[in-house]
Amino acid sequence: QQGTCCLIALPDGQVMGATTTDPGTGGERLAKESELYLMDPVAKKITWHAVVLPGVLGYTGLCQGTDGLVYGLADGVRFFVFDPVKRTLVYEENVQEQFGQTGYQQGQRKFVRTPDGTIYILFMKHIVRVDTASQRLVKVCDTPLPAQFGGDYHDGRLWFGGTSHLYSYRLPQG
């Protein structure tokens, strides 16, 4: 009664997934809360699953940090940090008042990780950096139009799309 909406490969070979309760076009929502799960791709088995954030209807992004923690978004406004080894929630905050919503297009890639391991998140009106030391979000800049989709890094720039336009932002050095 749930669908997978996010997957990331973990260093230990497992895959971490996050679900949505959204039934898609014309369907009926049957599940009341979304889950995080761990899967062993070799054995083709789910090794763990749980409702980590009560009340969440859909996870909207996951990103593995260089510290082994997983950074994520739920319902587009709940930022969280999860330890996949201990299978525990480390931090959670509703950031809607501070940053608003994230994009809503399919394949939107809200998280962008640079080669040095820095993690950025695209919100509709802001580019935000994850401060992995404090596990807080820091606004980098406002976007010229809503960052509806995209999210990739190339040659010092973070790229994203809004409406029919492609934008990039030169990330700060160091």
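Charges were assigned to the Cβ only: +1 to each Lys and Arg, -1 to each Asp and Glu. The resulting dipole of the range 16-101 about its Cα centre is roughly 320 debye. Computed about its Cα centre, the charge dipole of the chain is approximately 160 debye, with only Lys, Arg, Asp and Glu carrying charge at their Cβ.
Volume of the convex hull of the chain (Cα atoms only), normalised per residue: 129 Å³. Under the classification rounded if a/c is under 1.5, otherwise prolate if a/b is larger than b/c and oblate if not, where does the range 1-104 fall, given a ≥ b ≥ c as square roots of the Cα gyration tensor eigenvalues? Cα axes put the range 1-104 in the oblate bin.
How much FRET efficiency would the formula 1/(1 + (r/R0)^6) give for Asp142 and Ala43, where r is the Cβ-Cβ distance and R0 is 41 Å, rounded to 0.05? For R0 = 41 Å, the calculated efficiency reads 0.35.
Quick one: of Lys45/Lys139; Lys32/Lys110; Lys32/Lys86, which pairs are farther than 27 Å apart, Cα to Cα? Those over the limit are Lys45/Lys139. Computed per residue of the chain from DSSP H runs no shorter than four, each worth -39500 (n - 2.57), the mean residue ellipticity at 222 nm is -500 deg cm²/dmol. Note on the range 63-78 and the range 148-174: Cα centroid distance 19 Å, given to the nearest whole angstrom. Quick one: with all protein chains in place, what share of the accessible area of the range 1-94 is carbon or sulfur, to the nearest percent (1.4 Å probe)? Accessible surface attributable to carbon and sulfur in the range 1-94 totals 52 percent. Computed over protein heavy atoms with a 1.4 Å probe, the accessible surface of the range 61-174 works out to 51 Å² per residue. Note: the range 65-120, Cα convex hull, 97 Å³ per residue.
The values are calculated or read from the model by the stated rules, or taken from the named source; none is laboratory data. Fair warning: this is a prediction, and the values are worked out from it, not measured in the lab. Cβ atoms come from the backbone with ideal geometry, glycine included; neighbour counts cover every protein chain shown. Areas reflect the complete protein model, heavy atoms only, side chains present, ligands, DNA and RNA absent. Shrake-Rupley method; radii C 1.70, N 1.55, O 1.52, S 1.80 Å.
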